[in-house]
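Only the coordinates and a few stated rules stand behind these numbers; no lab work does. The model shown is predicted, which means the values in this text are computed figures rather than measured ones. Cβ sites come from the backbone with ideal geometry, for glycine too, and all protein chains shown count toward neighbours.
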Amino acid sequence: MSTVEDLIKILKTGDSSSSRLAILPYFRKNSSAYDFDLIRLAYDFAAEAHRGQTRKSGEPYINHPLETAIILAKMGLDQPSIIAALLHDVPEDTNYTLVEVEKNFGPEVAKLVAGITKLGIIKYRGMEKYAENLRNMFVSMAQDLRIVLIKMADRLHNLSTLDSLPAEKQKRIARESLEIYAPIANRLGIGSIKGELENLAFPYVYPDKYQWMKKDVLPKVELKMEYLQSVIKVVKKELVANKIKFISVHGRQKRLYSLYQKLIRPQYNGDLTKIHDLVALRIIVPSIGDCYQALGVIHRLWKPLPGRIKDYIAQPKPNGYQSLHTTVFCLEGKIVEFQIRTIAMHQQSEYGIAAHWHYKETGKTDKKIGEKGYTLPKKLNWIEDLVKWQKNIRDNQQYLHSLSIDFFHNRIFVFTPEGDVIDLPEDATPVDFAYQVHTWIGDHCVGSRVNSQHSPLETKLKNGDVIEIVTDKNRKGPNRDWLKFVKTGAAKSKIKSQSEL
Ligand code: MN
């Protein structure tokens, strides 16, 4: 059982050895960023407010906000977030109000708590509420991403204590986590939270599939992990022999839920032997140069499978993911995937937006949101676009439909001629691409070249395509016929609004 001392210890020393989030202290700035007396005061305030309340499991209620704060402390979040996490259920569930929170802990903490409270009120009940919940989530994200991160931590802890709830409620919370929280965590690039949410929710949402995975699939994954141990020995020896520095060489096991999702795709059809990244060998090194050198070492040891070398360092995924991937015929001729990255890239992939926490002290941000100086990193402009765009859609059914296409549907990654990555939903067309790049380009596009070939505007784009848009400044605006093939809500709404003028 955790105590506030544990929380303070984590904040002071970065000691979070018990958790999968253990690598986080690498980017913790320094413990002097925290006022421990104030954190203790916040804990005492929350403990007093929740006094006499218990969780369904019978334990004191305060354990829940405390565990939520501990998850965030391990993520290296700032002090207002930690305090807000301790207080997050106070206005909703106790006799203390938001005004009292603000009086004691200031406007910044109060704003975060208010944001979390607002998100909490709308529960997942039916289509209408679901859509409403999503809308609110995005509005909060654009206001202050910390609100969503606190909500994620809150949800993680609730999921890990689902056992004591009635079955129906278990299922609702778990499903909501899979359908709302995990995709958002994924979109923010927080792989560790996405994975943990999914793994915790999986047994409740798909109990039969979970049992099957656990009984039939997991043992095979574990066997492969054991095999990796001998590969790790060879790799380490070879890296040392070649004088390549490394921080860690370890096996990573694909999480059960994402493995399940991959297995049920038609091209795998439940056949485990077709999946090459069941387990992967990760090499974490100090610098980018070391990444390429390590790749060279691996390819000298074992032959790579053709077409499976991916340089996500030179061409990062749009959510910021960077690594070198290769798949080789390894020891005993077995197929093994390698992922090679720097420690900074590793943190980025595990903690996404939280990994390079742009708050106040950094000057590398673009847009000011609110008077508190909270800024969104440039990559997350899409959140703001989404909020602007969703304001125009009144009908919840339609909203959900377009959202699932724009946001949650499988994405493809295409390139501008300059090599910028643009991410689009599957089956998007050059017109979607044009509007994604700039409204003016969309409104004035007259043709497109896909991989240097003239291609019709309704061409379905594929991963990796390079798109060039031909524009004509004399064009009077978009063609309504485009509505028949465009995929993104953004393109649709712009075409509609322009052609009505
Ligand atoms: Mn809570």
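Results, tabulated for the structure shown:
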| quantity | calculated |
| --- | --- |
| Cβ-based exposure ranking for Ile313, Ile173, in which fewest neighbours within 10 Å come first | Ile313, Ile173 |
| Cα-based convex hull volume of the stretch 225-308 per residue, rounded to whole Å³ | 116 |
| Potential lengthening between Lys317 and Met225 on full extension [0.36 nm per residue; Cα-Cα distance subtracted] | 30.4 nm |
| Ranked list, fewest to most other Cβ atoms within 10 Å of each Cβ, for His276, His50 | His276, His50 |
| Greater than 31 Å apart at Cα, pairs in Lys12/Lys243; Lys233/Lys310; Lys209/Lys274; Lys254/Lys462; Lys209/Lys303; Lys74/Lys214 | Lys12/Lys243; Lys209/Lys303 |
| Gained length - Lys310 relative to Ser164, 0.36 nm times residue gap less alpha-carbon distance | 48.1 nm |
| Packing-based exposure ordering (other Cβ within 10 Å, fewest first) of Ser258, Ser192, Ser81 | Ser258, Ser192, Ser81 |
| Summed residue charge, Cβ within 14 Å of Leu98's Cβ, Lys/Arg positive, Asp/Glu negative | -3 |
| Protection proxy ranking, peptides 196-207, 91-102, average beta carbon neighbours within 10 Å, highest first | 196-207, 91-102 |
| Alpha-carbon spread of the stretch 409-499, three principal axes, descending order, Å | 31, 27, 19 |
| FRET efficiency for Asn242 and Asn269, using Cβ-Cβ distance with R0 set to 56 Å, rounded to 0.05 | 0.85 |
| Residue-count net charge about Glu468 - beta-carbon cut-off 12 Å; Lys, Arg +1, Asp, Glu -1 | -1 |
| For the stretch 409-499: relative contact order, % (alpha-carbon pairs under 8 angstrom, 6 or more apart) | 32 |
| Percentage relative contact order, the stretch 207-352, counting C-alpha pairs under 8 Å, at least six apart | 22 |
| Calculated Rg and Dmax of the stretch 207-352 using C-alpha coordinates, Å | 15.6, 49 |
| Highest-first arrangement of 266-274, 480-488, 237-245, where packing means the average Cβ count within 10 Å | 480-488, 237-245, 266-274 |
| For Ser164, net neighbour charge (Lys/Arg +1, Asp/Glu -1) across residues whose Cβ lies under 11 Å away | +1 |
| Difference of contour (0.36 nm per residue) and Cα-Cα distance, Glu59 to Thr97 | 11.3 nm |
| FRET E, pair Lys462, Lys214, Förster distance 35 Å, beta-carbon r, rounded to 0.05 | 0.45 |
